[in-house]
Amino acid sequence: AAPPARFVPEGQPLRDETLYGLFHDVRRLSEFRGKPLIINVWASWCGPCRDEMGSLDRLAKRHNGRQFHLIGISTDDYPEKASAFLLRTGVSFDNYIDRNLLWETMLGAERIPLTVLVDAKGRVVKRVYGAKAWDSPAMVELIEKTLGLRLR
């Protein structure tokens, strides 16, 4: 059996775990190495999570796969509820389902939404709790400063 998930502090690398896609794709976290990664932890029942999803999607449409990767991880108990929300809202970036609280624990998502900024080597650089307007100048600047990017 895999060792139990442990919280990963800032500056430490995330363990290379499996991501189970809400639409059947399965990936390893290590597949995202080489570019910074923004991970949004959310759930379909969480109002603030739903509120910020549009801004994350606009950010993803502009930059995803170019300067960084952006993915979502849903903590929904019922994956079909998460999938239904994504289909209804037309979210364009890849989303995965958290199984056995693995990602929730590693990422420190005792409250959501949580957005974790990860550097190109897979290390946790910053955690941002609460809903944000991710495509706003202030948040784009935070991403640039934290991950060493030029996005504008």
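The values are calculated or read from the model by the stated rules, or taken from the named source; none is laboratory data. In this text, all values refer to a predicted model and were calculated from it rather than measured experimentally. So basically every Cβ, Gly included, is an ideal-geometry build from the backbone, and we count neighbours across all protein chains shown. Accessible surface areas use protein heavy atoms only, side chains included; no ligands, DNA or RNA. Shrake-Rupley method; radii C 1.70, N 1.55, O 1.52, S 1.80 Å.
Please count how many residues of the stretch 1-26 are farther than 17 Å from residue 125 by Cα, in contact (Cβ under 8 Å) with a residue 60 or more places away in the chain and under 15 Å from the mean Cα position of the chain (by Cα).
Number satisfying all stated conditions: 5.
Within the stretch 18-39, which residues are loosely packed, with under 15 Cβ neighbours inside 10 Å and in a loop (DSSP other than H, G, I, E, B)?
23, 24, 25, 34 - these are the residues of the stretch 18-39 that are loosely packed, with under 15 Cβ neighbours inside 10 Å and in a loop (DSSP other than H, G, I, E, B).
Can you say whether residue 97 is modelled with pLDDT of 95 or more, aliphatic (A, V, I, L, M), in contact with a strand residue (DSSP E or B) (Cβ under 8 Å, 6 or more places away or on another chain) and farther than 15 Å from residue 38 by Cβ, as far as the supplied structure shows?
yes
Please go through the stretch 109-121 and pick out each residue that is of a type outside the set (Asp, Glu) and within 18 Å of residue 98 (Cβ to Cβ). Break it down stepwise before answering.
Of all residues in the stretch 109-121, those of a type outside the set (Asp, Glu) come to 109, 111-118, 120-121.
Matches in the stretch 109-121: 109, 111, 112, 113, 114, 115, 116, 118.
Among the helices (runs of 4 or more DSSP H) lying completely within the stretch 40-152, list those that include at least 1 residues that are open to solvent by 20 Å² or more (accessible area, probe 1.4 Å), closer than 21 Å to residue 29 by Cα and β-branched (Val, Ile, Thr).
Details: elements: 47-63, 79-89, 102-107, 137-147.
Passing ranges, in order: 102-107, 137-147.
Tally the residues that are under 18 Å from residue 13 (Cα atoms) and of a type in the set (Ser, Thr, Tyr), restricting the search to the stretch 65-109.
Residues meeting the conditions: 1.
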